[in-house]
Amino acid sequence: MRDQEVVNLCELDLMSLCSASSKKDQPNCTFYEKSQNASRCMYFIFEEFCDCVKAQIAAKNGLN
């Protein structure tokens, strides 16, 4: 269970960006799912982009 408040770290612009400042911040994301291949979120692509459709929809709708 996570101790800290969770938020949507996906921000929409021309591309969907993850606003986590580091890999350690990613578990605080509402949509976090642990990658099996690395110690990062499975939706955190190329160290920058948010590749989670549910997170993108929530960001578009202004939901945290």
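None of the figures in this text is laboratory data; all of them are computed from the coordinates on show. Given the structure is predicted, the values throughout are model-derived calculations rather than measurements. Quick reminder, even Gly has a Cβ in these numbers, built from the backbone with ideal geometry, and neighbours come from all protein chains shown.
Within the stretch 38-52, the set of residues being out of contact with any Lys or Arg (no Cβ under 8 Å at 6 or more places or on another chain) and closer than 15 Å to Val7 by Cβ comprises Tyr43, Cys50, Cys52.
A search for C-beta distances below 9 Å between a residue of the stretch 40-64 that is touching a residue at least 12 places away in the same chain (Cβ under 8 Å) and loosely packed, with under 11 Cβ neighbours inside 10 Å and any residue that is basic (Lys, Arg) and assigned to a strand (DSSP E or B), counting only pairs 6+ apart in sequence or on different chains, returns nothing.
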